[in-house]
Each structure stands twice: as C-alpha cells, then as structure tokens.
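Asks: My structure is below; once you've seen it, I'll send some questions.
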Amino acid sequence: MSDVIGYERVGDVAVLTVRNPPVNALSQAVRQGLWDRMDQAEADAGARAVMIVGEGRAFFAGADIKEFGKPLLAPFLPDLIHRIEASPLLVVAAMHGVSLGGGLEVALGCHYRVAVPGARVGLPEVHLGLIPGAGGTQRLPRLTGVEPALEVMTSGRHVGAQEALRLSILDAVEDGDPRTVGLAFVDGLLSRGAARRPVSALPLPEAIDWDAAFAATLAKGRGQISPAWCVRAVEAAYGGSFADGMQAERKIFMDLMETDQRQGMIHAFFSERAVSHLPELKGVAPRDVAHIAVIGGGTMGAGIATAALLSGLRVHLLEMSAEAGAAARGRIEANLAGALKRGKISADDHAAMLGDALEIVTDYAALAQVDLVIEAVFEDMAVKKEVFARLDAVCKPGCVLASNTSYLDIDEIAQATSRPGDVLGLHFFSPAHVMKLLEVVVGAQSADDVVATGFALGQRMKKISVRAGVCDGFIGNRILATYRTCADHMILDGASPFEIDAALEAFGFAMGPFAVADLAGLDIGWAVRKRKRAEGQAPSRDATYADRLCEHGHFGQKTGRGYYDYAGGARTRVPNPDVMPLIEADRARMGITPRDFAPEEIVRRYMAAMVNEAAKVVGEGIARRPLDVDMVLLFGYGFPRYRGGPLKWADMEGLPGLLDDIRRYAAEDVDFWAPAPLLEQLVAEGRCFDDLNKER
Ligand code: 3HC
Ligand code: NAI
C-alpha cells in the first residue's frame, strides 16, 4: 500500500496521516489511499476511532486542480467522503494550516472537527469557476445555517479557526501540535462515549428566498456565474433526500467544469504562480534589501513608500523641498491610516512605520547607505536623468537603482549612471500600496541579480511581479495605448464613450476605459498627447475632444467632471452632457458620418485590438509568455479574472476567427490593424497561445 497516507494505531485510534506535499491536494493517489486506510482501520481489531491529520503545511488544500479538465479518476471525492461518513468507527478531522474546498468537504464528512488556532477553512471553488462539488453545499448549511454558508462559499474567503468555531464548522479549537491536539480530542470523545455524528443526518436549517438570493448573487458576480450556482446547489438540499441534493450539486459542478469561466479561472490560478518563475533567475541570489529610498513623494512615490513600509522596509523619501516633503508625508499618513482602519496593521506597527522607519529628506547625501532606490519623479527624461546621475554619485556600490517610469526608456536612463547593470524599471500601478501588479522592466544591461532583487522586492510586497522588456509603455501601457486608440476610433466613427464603457463593463471589466480615464486623471493622457504631437508623433486620427475637456479644467473624478459628472459621488456617475457635442464637432471637422455600434461589435473590436497588440508584445519578447500578458491585464487593468486574460480569452474564442476579423478591420486602417506576425504564425500552425506557455 502506498504511504501517501500513513497508518498507525495509537491505543483505540487509527491515525491516518496525509503526506502529499506541498499542500496535501486530494489527488487520485490520496483519495485511493484514504479509502484503503479506512478499510484497514475498519478491519483493525480494537480500533474504535479514526483520526485524519495532515503532515506539512495543510490538512488538505482541496481537490488536485491539475486533474481538472481531464477525465476524472475513481475513487471520486463525493464517494470517498460518503464512505468516511458512513464508517461505523468514530471519525475525527484534526486540522491545521488550510482546509479548503474538497479539504473542508472531507472534514465535513468526518463526525467531528478539531483545529489548532492558526487553521483556516474555506470553500474557494468559486475562484476556480466552480462550486463545492463533494457535499460542501449540502453539509455546510446544516452546520452554520443557510446565509453564513452561502456567504462563505460565494465569497470563497478563508475563515479563521475562531470564527469557524463560532459558525459551528469546528467543534473545538485547541492550541498545540495538530496530532496531539487531535488525539486528546478523540480520547475525550471516546471516554464520554460520544456517538458518531454524520452531518448529512442533521436537520436542514430554515430555507430562504432562493430566487432573490440567486438574482442578487448573480448581479454581484459581474458576469461570473459560479457564485450564483452555489445558491441553486444549496436550494437543491430542500428538494428531496440528501442523496438527491448531492446529485444536484454534482450536476452543477460538472456543468461548470465544462465552462470557459472554469478554464479562465484555473488558467489565472496557475499563471499567477508561474509568472515569477523565470528560468534565467534560477539559482540567482537577490541582493539584500532592508532599507530603500523613494525619490519623489507624489501619488506614486507616496504609494510605493507606503507599500515598502507595510512590508517592513525602512524608507528614506527624498523630495524637492521641505513643503513637498511634508505633503508626501501627509499622503503616506493617509494611506497608513487606511491600513490601520481596515485592521491590516496594529497601532504599534502604524506608529513605528511613521516613526523610525520613515525619514523624509531633501539632501541626496542622506541616501548613501540605502540598498535600493525607486525613482518616482515627473515623467520627464531630462529630470529622470538628472536624478539618476545624482544617485550614481552618492549611492553605495551594489545599490539597485530603479525607475517607476510609465513609458520612458530604461536603457537611456541607465546611461545617465556609471553602473547601468544596477539599473532596472520597477513599474508600480496606482494606488501602489493597493494594486497587485508590478512590472519588473529588464534593461539591456540589467544584471541578473538586480532583476532577481526586483522580483524579491515584489514578493516581499505581495505583488504579482511580471518580467517586461523595454519599449514604449512596457507590457501593460503599450497594450492599453492600442486598445484605447481602438476605442477612440470607434468614438469618431459613431460610438459614444458611454456605450463603450457599458459594453465593456458588461463583458466583465471592472470599469470601462473612459471611466478609468476619469479615475486616473485626464491630464495624464493630455500631457502624453501634447508630448507626442511635439515630437511629431500625433496619431493618424487626432481627436481633440478630450483636450477640450482638459482645457475647461475637467480632469475626471478629481475635479468632479470628465467624461462623467461626479456631482453625486464616484458611484453615481452620469454622462457629462458637454462630451457628445465636443465629439460631434470632431466628427464634423474630420468629415465623418457616424454609424451605430452594437455592444458585441464594440467588444469584438476592442478585444481584437488588445489581443493583436499583446501578440506583438509576446512576439517581440517584451513579454516572455502569453500568460505574462494575461497576468498584467488581470492585475493591473481590471480584466475579468473569469476570462483568464486576453490571450486565454483569444484561445477560447478561436484564433482563426479573430485573425479574420483583424484582417477585415485592416481594410479600414491598414497600419493600426496590421496583424501580429505571431498571431498569423499560430493560426497557420493550428496552435494557440497556451501552447507557448508550456514551451517557455
Ligand atoms: N491542487 C493542485 N496544486 C495545488 C493546489 C491544489 N488544490 N493548491 C496549491 N497547489 C500548488 C500550487 O500550484 C503551488 O505549486 P507550485 O509550487 O508548483 O507553483 C504549490 O501548491 C504551493 O501553492 P502556493 O504557492 O499557492 O502556496 P501558498 O502557501 O501561497 O498557498 C494555498 C497555499 C492557500 C493552499 C493556495 O495554494 C490555494 O489557495 N490553493 C487552492 C485551494 C483551492 O482552490 N482549493 C479548492 C480546489 S477545488 C475543489 O476542492 C473541488 C471540490 O469541491 C470537489
Ligand atoms: P506626481 O506629479 O504626483 O509626483 C511627482 C513627485 O515628484 C512630486 O511630488 C514632485 O515634487 C517630485 N519631484 C519632481 N522632481 C523631483 C526631483 N528632481 N527630486 C525629487 N522629487 C521630485 O507624479 P506621479 O503620478 O506620482 O508619477 C511619478 C512617476 O510615476 C512618473 O514617472 C509616472 O509616469 C509614473 N507612474 C505614474 C502612475 C500614475 O498612475 N500616476 C502609474 C505608474 C507610474
């Protein structure tokens, strides 16, 4: 018998120890092993109870996600759990680390559950586009009541041990080694003659208004369907026997398994982890970083300093004047007050971060001992070069010099120093202490250990770090520039910004591009357009309506008006009535007769532009793999996670059809819609983007 599940008799108790590192996923071998060990325990003379305990980091992290999308292998998890629950022996789960998804479902199939205080439980299947598929929707409500159970499964959140105890998911929480805690608990049960307590036999709690709960959950999912199906699965518990409920749950689970949403979310799960695995950095040790400097304390500098403080780093922030320094401190204080209010840090941490850990300076000499610098001054090459030359003069040898530039050439910035090998881009997203994405921009001369240091810093700050090459806008902003241009063209041709936002929000974007522009500030794009025009790089169809808005002082949310009017607050935006006349004036000036755009056409064109540019970014090596682009769009640009990312979406949509559309659009504008060579190649070879993820 395999030793994935260890077997040991301790007095009257058969102890089943799960050994499937790193997180005890319930692979076929684990399921079979548990089944066999249950048989063994039941045949073991004198055994009165079974205790299941995990070795290593977790009780069980859930079903083995790597098995999804392939034919499911027996024994199936619901059958195993039924077998455990039906055992004549008393069965106890001794839980530590995480018990998630199928892992919690195994625990719910046991007759009692004890956990250590650090344990966390949850049913996160919705994050994989699924519902709990091994009895979670049928058993959890019997312990907690319907509403708490639905909240846990539709949010997919991790529930701490004490809360799980209050919700009756756990029977006891005891401090100590899980095995010892578990054995003491089982002893207690046996000595007081406690009976088996199958959760499936507990009475159902009071029902709720299922249709209302389904509709509310569906609306909240912004297009994601699995949370709402949790409601229907729980409802099914009320339609017949326990077995009927299980069957209904399984049917929904299997139906969801066939969806693009399941594929998209599982792609996101694995890509999020794969994105920072870079073969060239294997074995490369990052440089030590304990103390950093941030240059410039505006929106980004203050956010980056906050992120650094929250991850335990010491920060020197350099501003141009004492007044600018005081304003920067004010921004950091406001950010940290938010973290304190949300319980992310303690009052002591908060005091320390604003005390010894943060120093605001105006003199470069104060930066002589820092390990790493992140520059976040104005987006102007001359200013950046001057800053880097000054850093080069004062920073100690080995100090990593990073720029947070959005678009500028890292290699040119590096040339302002005598140590281009120590220079790279660390491109954060606003607000930098909240947004999860970090682009690590690798220059032509960036040393491997400097790049490794960038990734290590990202990990310390709990960011999703993505490697990017040098080009105008790197991965994200370069692709953004293209799909925004596509949206701008659709406006000139007849769509309104409001129709475009509505179509893309219905597709699943957190916000449409014009609502995003209002949030970021219309002045940013205005400055870029002015720079490009001055450099003779004006776009072929140079609309001016957005400039007119800025000229009138309408910069978006921060001035209360942009594409939308925010008089009633950010959540109740209404279209700004000045916008359409400005657009119509542009159309008239350019001699354009506007036409209607259906929401499907808006989405198709916008996505085609995004995918085509993304394919160029991968083809040119700016992004290493398609999945890197997907993670940039997911974590930095509000792309719906349940669609996996633009290139995963493209694979599921079908590359030949997309390429046909791009070629058709190219008849209107041959330069803008020039097909990406990589896309043409993949279509010619009958392959898809995901094939490249596996190769690189
Ligand atoms: N199946 C397969 N592999 C898994 C896994 C799972 N359920 N959970 C984690 N892994 C892998 C990760 O891919 C990673 O592999 P890598 O080292 O090759 O990149 C490794 O285990 C370690 O994972 P993390 O890097 O994520 O480690 P953390 O300590 O940060 O997090 C965790 C651990 C909280 C368990 C996190 O991995 C997680 O949330 N896992 C997913 C849990 C989940 O969704 N469970 C439900 C599965 S669906 C289900 O059970 C269906 C059922 O209802 C029938
Ligand atoms: P900002 O205008 O809010 O802040 C810039 C700060 O730098 C100001 O406080 C200014 O006083 C200071 N500063 C300017 N020159 C300086 C110098 N020589 N020495 C010290 N301090 C100096 O600008 P923001 O938005 O914070 O942008 C900063 C950088 O981050 C830019 O390169 C920008 O492209 C980039 N960025 C901006 C994002 C955004 O959403 N705002 C997102 C990602 C990157």
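Asks: Taking 2.2 N^0.38 Å as the expected size of a compact globular protein, what ratio does the Cα radius of gyration of the stretch 5-258 give against it, to two decimals?
Replies: Working: Rg = 17.2 Å, N = 254, 2.2 N^0.38 = 18.0 Å.
In units of the 2.2 N^0.38 Å rule of thumb, it is 0.95.
Asks: A follow-up question, please. Which cysteines in the chain lack any other cysteine whose Cβ sits under 4.7 Å from their own Cβ?
Replies: 110, 230, 471, 486, 550, 688 - these cysteines have no disulfide-compatible partner (Cβ-Cβ under 4.7 Å) in the chain.
Asks: Working from Cα positions, state the angle (0 to 90°, nearest 10) between the long axis of helix 579-590 and the longest principal axis of the chain.
Replies: Once rounded, one gets 50 degrees.
Asks: Here is a follow-up. Cα convex hull of the stretch 364-431: how many Å³ per residue?
Replies: Details: hull volume 5.6 nm³, N = 68.
Hull volume over Cα atoms, normalised by residue count, gives 83 Å³.
Asks: How much mean residue ellipticity at 222 nm does the chain get from its helices, if each DSSP H run of length 4 or more adds -39500 (n - 2.57) and you divide by all residues, to the nearest 500 deg cm²/dmol?
Replies: Rounded to the nearest 500, the figure is -14500 deg cm²/dmol.
Asks: So for the stretch 289-468: antiparallel DSSP bridges make up what percent, rounded to the nearest 5?
Replies: Numbers: 4 of 29 bridges.
Counting DSSP beta bridges with both partners in the stretch 289-468, the antiparallel share is about 15 percent.
Asks: Here's a follow-up. What number, in nm² with one decimal, is the all-direction average of the projected area of the convex hull of the alpha-carbon atoms of the stretch 180-264? It would help to have the intermediate numbers written out before the result.
Replies: Working: hull surface 35.1 nm².
The number I arrive at for the stretch 180-264 is 8.8 nm².
Asks: Apply 1/(1 + (r/R0)^6) to the Cβ-Cβ distance of residue 29 and residue 270, taking R0 = 25 Å, and write down the FRET efficiency to the nearest 0.05.
Replies: On the way: r = 20 Å, r/R0 = 0.81.
About 0.80, to the nearest 0.05.
Asks: Also, I was wondering about something else. Mind jotting down the three principal axis lengths of the stretch 512-591 based on Cα atoms? Whole angstrom, largest first.
Replies: 39, 26, 22
Asks: Mean separation of Cα pairs under 8 Å and 6+ residues apart, divided by the residue count of the chain: what relative contact order is that in percent? It would help to have the intermediate numbers written out before the result.
Replies: Details: 1285 pairs, mean separation 61.2, N = 696.
Result for the chain is 9 percent.
Asks: At q = 0.12, 0.27 Å⁻¹, what base-10 log of I(q)/I(0) does the Debye formula yield for the stretch 262-326 when every alpha carbon is treated as an equal point scatterer in vacuo?
Replies: So the normalised log intensities work out to -0.55, -1.04.
Asks: Kirkwood hydrodynamic radius for the stretch 1-143: how many Å is it when counted over pairs of different Cα atoms? Please report the intermediate quantities before stating the final value.
Replies: Values: mean 1/r = 0.0671 Å⁻¹.
For the stretch 1-143, inverting the mean 1/r across all distinct Cα pairs yields 14.9 Å.
Asks: Read phi for every residue in the stretch 96-104 and hand back ³J(HN,Hα) as whole Hz from Karplus 6.51 cos²θ - 1.76 cosθ + 1.60, θ = phi - 60°, with x for Gly and Pro.
Replies: 8, x, 9, 10, 10, x, x, x, 5
Asks: Is the shape of the stretch 636-696 rounded, prolate or oblate, going by the alpha carbon gyration tensor and its root eigenvalues a ≥ b ≥ c, with a/c under 1.5 for rounded and a/b larger than b/c for prolate? Mind dumping the intermediate values first?
Replies: Details: a/c = 2.08, a/b = 1.30, b/c = 1.59.
In terms of gyration-tensor shape, oblate.
Asks: Sticking with this structure for a sec: Expressed as an acute angle from 0 to 90° and rounded to the nearest 10, what is the orientation of the C-alpha long axis of helix 210-220 relative to the principal long axis of the chain?
Replies: Tilt relative to the chain: about 30 degrees.
Asks: Using a 1.4 Å probe on the protein heavy atoms, what percent of the accessible area of the chain belongs to carbon and sulfur?
Replies: Whole-percent figure for carbon plus sulfur exposure: 54.
Asks: Residue separation times 0.36 nm, minus the C-alpha to C-alpha distance between residue 241 and residue 163: what's the value?
Replies: Details: separation 78, 0.36 × 78 = 28.08 nm, distance 2.97 nm.
Value of the extension gain: 25.1 nm.
Asks: Less than 11 Å Cβ to Cβ from residue 283, Lys/Arg counted +1 and Asp/Glu -1: what total charge do the surrounding residues give? Let's see the in-between values first.
Replies: On the way: positive: 282; negative: 280, 448, 449.
Net charge around residue 283: -2.
Asks: Going by amide H atoms built from the backbone, whose H comes under 5 Å of the H on residue 294, apart from near neighbours?
Replies: 316, 317, 318, 374
Asks: Mind listing the Cα extents of the stretch 300-368 along all three principal axes, in Å, largest one first?
Replies: Projected onto the principal axes, the Cα atoms of the stretch 300-368 cover 35, 21, 18 Å.
Asks: So for the stretch 540-672, Kirkwood radius off the Cα pairs, Stokes-Einstein at 25 °C and 0.890 mPa s: how many µm² s⁻¹? List each step's numbers first, then the result.
Replies: Working: Rh = 17.6 Å.
After rounding, the answer is 140 µm²/s.
Asks: Which of the three applies to the chain, rounded, prolate or oblate, going by the alpha-carbon gyration tensor with a ≥ b ≥ c and a/c under 1.5 meaning rounded?
Replies: On the way: a/c = 2.04, a/b = 1.54, b/c = 1.32.
Here the chain falls in the prolate category.
Asks: Follow-up. Is the shape of the stretch 77-131 best called rounded, prolate or oblate, per the rule: a/c under 1.5 gives rounded, else a/b larger than b/c gives prolate, else oblate, with a ≥ b ≥ c the square roots of the Cα gyration tensor eigenvalues?
Replies: Details: a/c = 3.84, a/b = 1.21, b/c = 3.17.
In terms of gyration-tensor shape, oblate.
Asks: Leaving out ligands, DNA and RNA but keeping every protein chain, what accessible area does residue 299 have, in Å² rounded to the nearest 10, with a 1.4 Å probe?
Replies: Taking all protein chains as shown, residue 299 has close to 100 Å².
Asks: Net charge around residue 256, counting only other residues with Cβ within less than 9 Å of its Cβ (Lys, Arg = +1; Asp, Glu = -1)?
Replies: -2
Asks: Can you tell me the orientation of helix 497-507 relative to the chain, as the angle in degrees between its alpha-carbon axis and the longest Cα principal axis, to the nearest 10?
Replies: 20
Asks: Defining a contact as two alpha carbons under 8 Å apart and six or more residues distant in sequence, what relative contact order in percent does the stretch 144-211 show?
Replies: Values: 21 pairs, mean separation 25.7, N = 68.
Here the relative contact order equals 38 percent.
The values are calculated or read from the model by the stated rules, or taken from the named source; none is laboratory data. Keep in mind that this is a model prediction, so the values were computed, not measured. Cβ: placed from backbone, ideal geometry, glycine included. Neighbour counts: every protein chain shown. All accessible areas refer to the heavy atoms of the entire protein, side chains included, with ligands and DNA or RNA removed. Shrake-Rupley method; radii C 1.70, N 1.55, O 1.52, S 1.80 Å.
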